[in-house]
Amino acid sequence: MRSYNLHVDLSRTEEPVFRSRSTVRFTSARPGTCSWADALPRRMRSAVLNGRPVEYDGAGRILLPDLATRNELTVEADYDFSTSGEGLHKYTDPADQQVYVYSHLQPGHAPRVFACFDQPDLKAPFAISVTAPDGWTVLSNAPLDDRPGTGVHRFAPTPPISTYVAAVAAGPWASWTADRGGSVPLGVHSRRSLAAHLDPGVLLERLGAGVAFFAEAFGTPYPFRKLDLCFVPEFNFGAMENAACVFAAETFVFDRAVTRYAHRRRDEMIFHEISHQWFGDLVTLRWWDDLWLSEAFATWAGVHALTRLTGDAGAWADFAAGKKAHAYLLDQSASTHPVVTGVPDVDAAGSAFDALTYHKGASVLRQLVARLGLDGFLEGMRRYFADHSYGTAGRAEMLAALEKAGGVDLTAWTDAWLLTAGLTEVRADFDVDETGCFTRFDLVQGGVPRPHRLAVGVYAEDRHGDLVRVRRHELDADGPRTSVDALVGSRSGALVLPNDGDLTYCRIVLDPRSTEEIVHRIGRLADPMARSLCWTAAWDMVRHGELPPRRFLTMVLNGLAAETQIGVFQRLLVRVATVLTAYTEQSWARAHGWPSYVDRLLDVVNAPDGDTNGGTDADQRLAAARAVADAALTPVHVGTVRKWFHGAAPFDVDDALRRRLARSLVAHGEPLEDVTGAFTAVGDRLAERLRASAPTAEAKEWAWTTMLGSESVAQVRALADGFTHPAHHHLLAPFAQRYARDVLPLLAAAGDREPARTITVRLFPSWPVSRRTLGLIDRLPSDDRFVRLTGAARAELALAVDLSERDAAG
């Protein structure tokens, strides 16, 4: 590949299509042979190869016969604006009717915007220009070369980049910039209607700190000429690492009250995407089966930078309780796969963007850092970037650089951790004498055995009644059983915690005495990481039938108020809702489970401000209040929701919480017009969410039908949020039988595209746990429509089936 020259015409955004012209210059090692270029236009206007017209096959390929050594292909075509977040997405802001456009090209969506060779290894410099209306700001992968005078924004050529990280964002953005005397020019951008809710000084500081941190850590200067962060509407994902032009979801614009966890997630997102400028953009995977080379490394790097740049000591504990725990669930499902997974084609690439690639991959890298040491690991990365800058590389090159830096052979490690699917179970097996001392101590591996560098922690009660670590031993464990002689003769304590400090990736199975201790006294466990590991272990034990769901509920009610990690606190609320929805008998859940849970939440809401006597803080109060809005079922609790909605709350109620309260009231029969009348403005998404929340069969039928016909992921999410409510299981039961009839054909037709994947997961019938539902779930894998699904779609559905089976079995 020699170069791309791309022009996008956005002068007529009132139309459903836009025009682009791409000129691609490339060479052929075998003159006279044939090939093709990728394009998915609505209408092909012209395609010319080396001065001769060539044929478009109407199905995504421009046929290229009789190639020369040096070739030039110019294609002009009309393409559809997207409403699904794939290709070039167009959005009209309901606040002021301003139009915004942005691209999302990963994976396989670049042909929806311009003709190209859409493979990650075919990198080339891009010269991009955009025609846009007067008053618009246009962003791309390089600085502006020509200031707009004719409405055409021309950008400087980029270094070689892949098609999937080329980017265009256009609209009347609100913008803030920083250019600190010779450092990388930085920019932050959002819709004008959200400008008042941004904190640009903080964001620009984070961008500058991240660029400087990674340039030093990787021993390689920032590889591009500027860095923009643009918050874009209706984005399907958290963020995207377009070279020098990161796009992020507007959920990271805080137009509502948020907790510390939201700020942590935003910081982590920023550092993750900045690290991608090296991992993925500077050095790029050759094909999607090595996606971990960018995503696992960027996930690890994002949390690592968060701990170093913000002093956030709880970042890894939060990672363990959330993202890593999600990877554990996926790794135990029918759709598990190795970190390095086979991707036969672009259609299958979407299924590789999952928790195993990102979060298991990052956990595996953290295990490798424990083995090599941080200095050795970073030295390997410096070699990698030095050898492959602006090019492509695969697993072999990465591991070779790490082996050379660390002086180790990683062949066995690679086979065990990157190429083998599944999860290791680790449990402590020990004997204790009458004095409370260990007489024997072994670590036992089950599941998929692997070599682990890990630690065992022993916790005992101190004079204040807190559980604190009294002993820790770090070791290498390999094989089904490893003796830990260093602990023999020491006191056993109240809690034995395998994988103390979370050095490795494994499922912890606690011994019976430790399990009993954390059920009753997890709130007395002082160390945030230890608590995080215990919460995850308990949750996994519920899912495996080793801890009754009601015991887990008891554990949460005992320990919730003492959980200082707000990210962990918020995840516990989600897990309790899952237990009460899908793990317990519904008559008990309605009569006892939900009410006792909401009572505990109200204790948190009404507690005095945080102090040493069990008070609460603003983040806990906000999270608990939101959960009350979602979980209130009794007349008394719904009455509390009604009082809060009408202004009688013991705290400030912002618009986001008011929307949750409104959903609760509508779900319990409050007339829709009475609720919406309390808002000064009701946008489409809120109106749809509230209408779907109504407790009638007609409302559920309307929501179901609308979701199945939707092309908007944002609309599907809003409707699904209203469709499912713990008070409506009786209304949702008929849709379990309709899932196979209605959703499977939709998924089969859409393949791996959004919003079909969102519909598949959000509408899966996990709410009514009954023999009839379990029978439906059991039959799905043998359903002929399931068998005909693409590999990516089948994996998505298999995961939903597997998780529902586990939920019901619990």
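The values are calculated or read from the model by the stated rules, or taken from the named source; none is laboratory data. Please read all numbers here as calculations on a predicted model, not as lab measurements. Because the Cβ atoms are built from the backbone with ideal geometry, glycine has one as well, and the counts that use them run over all protein chains shown.
Residue-wise test of (1) within 25 Å of the chain's Cα centre (by Cα); (2) more than 26 Å from residue 98 (Cα to Cα).
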| position | (1), (2) |
| --- | --- |
| 171 | no, no |
| 176 | no, no |
| 179 | no, yes |
| 184 | no, yes |
| 190 | yes, no |
| 198 | yes, no |
| 201 | no, no |
| 209 | yes, yes |
| 219 | no, yes |
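Search the range 438-467 for residues being surrounded by fewer than 22 Cβ atoms within 10 Å (Cβ to Cβ) and not in a strand (DSSP E or B), and hand back the single one that is nearest to the chain's Cα centre (by Cα). By that ranking, first place goes to 448. Of all the numbered requirements in (1) crowded, with 17+ Cβ neighbours inside 10 Å; (2) among the charged types (D, E, K, R); (3) at pLDDT 95 or above, residue 366 misses one, and that requirement is (3).
If you filter the range 184-230 down to residues that are buried (at least 17 other Cβ atoms within 10 Å of the Cβ) and among the β-branched types (Val, Ile, Thr), you find that the one that is nearest to residue 304 (Cα to Cα) is 211. Filtering the range 195-230 to residues that are over 15 Å from residue 268 (Cα atoms), free of Cβ contacts under 8 Å to residues at least 60 places away in the same chain and touching a Lys or Arg at 6+ places or on another chain (Cβ under 9 Å) leaves only 197.
Check 720, 678, 687 and return the single one that is small (Gly, Ala, Ser) and within 27 Å of residue 585 (Cα to Cα). First the steps, then the outcome.
Values: 678 fails: within 27 Å of residue 585 (Cα to Cα); 687 fails: within 27 Å of residue 585 (Cα to Cα).
That would be 720, the only listed residue that is small (Gly, Ala, Ser) and within 27 Å of residue 585 (Cα to Cα).
With respect to (1) touching a Phe, Trp or Tyr at 6+ places or on another chain (Cβ under 9 Å); (2) assigned to a helix (DSSP H, G or I), the lone exception for residue 574 is condition (1).
Taking the range 306-326 as the range and being more than 17 Å from residue 501 (Cα to Cα), within 18 Å of the chain's Cα centre (by Cα) and at pLDDT 90 or above as the test, only 306 passes. For the range 164-200, the set of residues classified as modelled with pLDDT under 95, of a type in the set (Gly, Ala, Ser) and not in a strand (DSSP E or B) consists of 181, 182, 183, listed by residue number.
Rundown of residues vs (1) at pLDDT 90 or above; (2) within 22 Å of residue 423 (Cα to Cα); (3) surrounded by 18 or more Cβ atoms within 10 Å (Cβ to Cβ); (4) aromatic (Phe, Trp, Tyr), yes/no style:
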| site | (1), (2), (3), (4) |
| --- | --- |
| 508 | yes, yes, yes, no |
| 528 | yes, no, yes, no |
| 538 | yes, yes, yes, no |
| 541 | yes, yes, yes, no |
| 557 | yes, no, no, no |
| 566 | yes, no, yes, no |
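Residue-wise test of (1) free of Cβ contacts under 8 Å to residues at least 24 places away in the same chain; (2) on the phi < 0 side of the Ramachandran plot; (3) in contact with a helix residue (DSSP H, G or I) (Cβ under 6 Å, 6 or more places away or on another chain).
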{"residue": "482", "(1), (2), (3)": "no, yes, no"}
{"residue": "494", "(1), (2), (3)": "no, yes, yes"}
{"residue": "499", "(1), (2), (3)": "no, no, no"}
{"residue": "510", "(1), (2), (3)": "no, yes, yes"}
{"residue": "515", "(1), (2), (3)": "no, yes, no"}
{"residue": "526", "(1), (2), (3)": "no, yes, no"}
{"residue": "529", "(1), (2), (3)": "no, yes, yes"}
{"residue": "549", "(1), (2), (3)": "no, yes, yes"}
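Condition first: touching a helix residue (DSSP H, G or I) at 6+ places or on another chain (Cβ under 9 Å), among the polar types (S, T, N, Q) and without any contact (Cβ under 8 Å) to a residue 60 or more places away in the chain. Can you find one or more residues in the range 567-588 that meet it? Yes - at least one qualifying residue is present in the range 567-588.
Only residues that are surrounded by fewer than 16 Cβ atoms within 10 Å (Cβ to Cβ) and not in a loop (DSSP other than H, G, I, E, B) were counted in the range 400-428, giving 4.
Here's the yes/no breakdown for (1) crowded, with 19+ Cβ neighbours inside 10 Å; (2) in contact with a Pro (Cβ under 9 Å, 6 or more places away or on another chain); (3) of a type in the set (A, V, I, L, M):
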residue	(1), (2), (3)
569	yes, no, no
577	no, yes, yes
581	yes, yes, no
585	no, no, no
